[in-house]
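One structure, as structure tokens, below. Some questions next.
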Amino acid sequence: MPNLTSQQEFKLKKFVKKMAQYRGSHTELVTVYVPEGYDMNKIIQHLAQEQGTATNIKSKQTKDNVLAALERMIQHLKLYKKTPEYGLAAFAGNVSDRPGQQNYEVWSIEPPLPLKLRLYRCDKEFVLQPLEEMLESTDVFGLVVMDRREANIAVLRGKTIVPLLRSTSNVPGKQRAGGQSAQRFERLREGAAKEFYNRIAEHMKEQFLNMKELKGIIVGGPGPTKQEFVEGNYITNEVKKKILTLKDITYTDAFGLQELVDKSQDILAEAEVGKEKKLMNEFLEKLSKSPEIVEYGEKQVMHALKMGAVDKVLVSETVPDEVVEHIEEEAKKVGTTVEIISTETREGAQLVDLGKVGALLRFQIS
């Protein structure tokens, strides 16, 4: 499943945050998820049946709120001639924050990724988990845990560890058989270790070299074995370039893979913001060395956009929604990419100081 673009993530995150603030007095807030490819008319028929069931609710206030929410939901869904490409998430209810008052609202969002779930629920809050899961990272990282006895190779997809293969070595234990000289025994151990390292390196090449979505590889293990393996002449250069870090861990089995993920949260978090840091560093470097091919400030960037001079627009997440939408509309006309920049990094905070909007230009305009 592809990652969201920064714009998709920005819009979905804001929508989820808005929906999460609402609470009903009773189980009266209606959530509906329509999966991709599902007949919208069947959903509407189901909700009409639920209206009949809701007439049996004992509390008059709750009954009135549920019936009103269902009616508004049905009328809203009738606006769709067919189910959107990836499905639809819709929410309705009395969201007044004053007891006894009524403020019926209905919202919907076409998700940026396919919805597989069909759901109708009345609750005290809206069901947001399926949308929240879309915001979870689906970046892919290679995982290797190893010592001289065994190695386990896996990938981390989002938050899920997917084991790929396990390999064991022929390295003899530290107790040598009678009659063997210490030197000969050590040569046997070193030879078996090198054969094992070469085998792990070949497995890594097979699994990771052509994995396009791979963001990097993390290697872990107890003691100095992992350094010996990574720094030695075993791993092909193309694969070695993908290694992000080495981590000290205790185990080399399935527990070791989880331990490696737990101890690599710094690297994984950094990778999530790596793209926007790279964009901002490019912008700041050009601002410093070639200021004629960048613009900053909403007014200046919009002027450059309308001239078709902008390659990429960098927009702080602090910019109001209506301004973001206006920038996106203008950018679409001239084939310009819009990137939403968070304030979680030092570079993102600098964009706020520069007027919240920046642009990398295709050509100089002044």
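If the Cβ limit is 8 Å and pairs must be 6+ apart or interchain, which residue in the stretch 303-316 that is without any contact (Cβ under 8 Å) to a residue 60 or more places away in the chain pairs with which residue that is in a strand (DSSP E or B) and of a type in the set (G, A, S)?
Hits for this filter: L305/A359; V310/A359; D311/A359; K312/A359; V313/G358; V313/A359; L314/G358; L314/A359.
Answer with yes or no whether E28 is under 22 Å from the mean Cα position of the chain (by Cα) and over 30 Å from V319 (Cβ atoms).
no
Of all residues in the stretch 72-111, how many are surrounded by 17 or more Cβ atoms within 10 Å (Cβ to Cβ) and over 19 Å from M40 (Cβ atoms)?
3
Quick check, is T53 farther than 21 Å from E105 by Cβ and either assigned to a helix (DSSP H, G or I) or modelled with pLDDT of 95 or more (or both)?
Spelling it out, T53 is indeed farther than 21 Å from E105 by Cβ and either assigned to a helix (DSSP H, G or I) or modelled with pLDDT of 95 or more (or both).
Return the only residue of Q7, Q51 being farther than 19 Å from F91 by Cβ and surrounded by 13 or more Cβ atoms within 10 Å (Cβ to Cβ).
It is Q7.
On to the next question. Restricting the stretch 113-154 to residues that are under 22 Å from the mean Cα position of the chain (by Cα) and free of Cβ contacts under 8 Å to residues at least 60 places away in the same chain, which is surrounded by the most Cβ atoms within 10 Å (Cβ to Cβ)?
Per the criteria, the residue is E133.
What are the residues in the stretch 306-348 that are surrounded by fewer than 16 Cβ atoms within 10 Å (Cβ to Cβ), closer than 23 Å to L12 by Cβ and of a type in the set (K, R), if any?
Result: K332, single match.
When you scan the stretch 223-273 for helices (runs of 4 or more DSSP H) that lie fully inside it, which ones turn up with 2 or more residues that are aliphatic (A, V, I, L, M)? Step through it out loud before you land on a result.
Values: elements: 225-231, 237-240, 254-262.
Qualifying helices (runs of 4 or more DSSP H): 254-262.
Continuing with this model, one more query. Among what's in the stretch 192-250 and is free of Cβ contacts under 8 Å to residues at least 24 places away in the same chain and among the aliphatic types (A, V, I, L, M), pick the residue that is farthest from L260 (Cα to Cα).
Among those residues, the one meeting the criterion is A192.
A follow-up question, please. Pick out the one residue from H76, H46 that is under 31 Å from the mean Cα position of the chain (by Cα), in the same structural domain as M19 (by TED's automatic domain parsing) and not in a strand (DSSP E or B).
H76
Follow-up. Report whether or not H303 is buried (at least 16 other Cβ atoms within 10 Å of the Cβ) and either of a type outside the set (A, V, I, L, M) or outside the structural domain of S169 (by TED's automatic domain parsing) (or both).
Yes, satisfied.
If you take the residues of the stretch 349-361 that are crowded, with 17+ Cβ neighbours inside 10 Å and not hydrophobic (A, V, I, L, M, F, W, C), which of them is nearest to V323 (Cα to Cα)?
K356
Filter the stretch 258-271 for residues that are loosely packed, with under 15 Cβ neighbours inside 10 Å and among the acidic types (D, E); which is modelled with the highest pLDDT? Working first, answer last.
As a first pass, look at the stretch 258-271 and keep what is loosely packed, with under 15 Cβ neighbours inside 10 Å: 262, 265-266, 269-270.
After this cut, where a residue has to be among the acidic types (D, E) as well, the list is 262, 266, 270.
Working: D262: 91, D266: 84, E270: 72.
Top of the filtered list is D262.
Okay, moving on. Please tell me if Y22 is farther than 30 Å from K159 by Cβ and among the aromatic types (F, W, Y).
no
Since A69 meets every condition but one in (1) among the small types (G, A, S); (2) buried (at least 21 other Cβ atoms within 10 Å of the Cβ); (3) assigned to a loop (DSSP other than H, G, I, E, B), which condition does it not meet?
Evaluating A69 over (1) among the small types (G, A, S); (2) buried (at least 21 other Cβ atoms within 10 Å of the Cβ); (3) assigned to a loop (DSSP other than H, G, I, E, B) leaves (3) as the failure.
Give all pairs with beta carbons closer than 6 Å in which a residue from the stretch 97-108 that is over 18 Å from S59 (Cα atoms) meets a residue that is modelled with pLDDT of 90 or more and part of a loop (DSSP other than H, G, I, E, B); count only pairs at least 6 apart in sequence or on separate chains.
N103/V95; E105/V95
Looking at the stretch 19-34, can you tell me whether even one residue there is of a type in the set (S, T, N, Q), in a strand (DSSP E or B) and touching a strand residue (DSSP E or B) at 6+ places or on another chain (Cβ under 6 Å)?
Filtering the stretch 19-34 down to residues of a type in the set (S, T, N, Q) leaves 21, 25, 27, 31.
Narrowing further to those that are in a strand (DSSP E or B): 31.
Applying the additional criterion that residues be touching a strand residue (DSSP E or B) at 6+ places or on another chain (Cβ under 6 Å) yields 31.
Checking the stretch 19-34: at least one residue is of a type in the set (S, T, N, Q), in a strand (DSSP E or B) and touching a strand residue (DSSP E or B) at 6+ places or on another chain (Cβ under 6 Å).
What's the number of the condition G355 fails, among (1) outside any helix (DSSP H, G or I); (2) closer than 18 Å to E9 by Cα?
The one condition G355 does not meet is (2).
Looking at the stretch 197-208, can you tell me whether even one residue there is within 30 Å of T5 (Cα to Cα), surrounded by 18 or more Cβ atoms within 10 Å (Cβ to Cβ) and not aliphatic (A, V, I, L, M)?
Scanning the stretch 197-208, I find at least one residue that is within 30 Å of T5 (Cα to Cα), surrounded by 18 or more Cβ atoms within 10 Å (Cβ to Cβ) and not aliphatic (A, V, I, L, M), so the answer is yes.
Among the residues of the stretch 58-66, is any within 22 Å of K11 (Cα to Cα), among the aliphatic types (A, V, I, L, M) and touching a strand residue (DSSP E or B) at 6+ places or on another chain (Cβ under 8 Å)?
The answer is no; no qualifying residue exists.
The values are calculated or read from the model by the stated rules, or taken from the named source; none is laboratory data. It should be emphasised that the depicted structure is a prediction, and the values quoted were computed from it without experimental measurement. All Cβ positions, glycine included, derive from the backbone under ideal geometry; neighbour counts span all protein chains shown.
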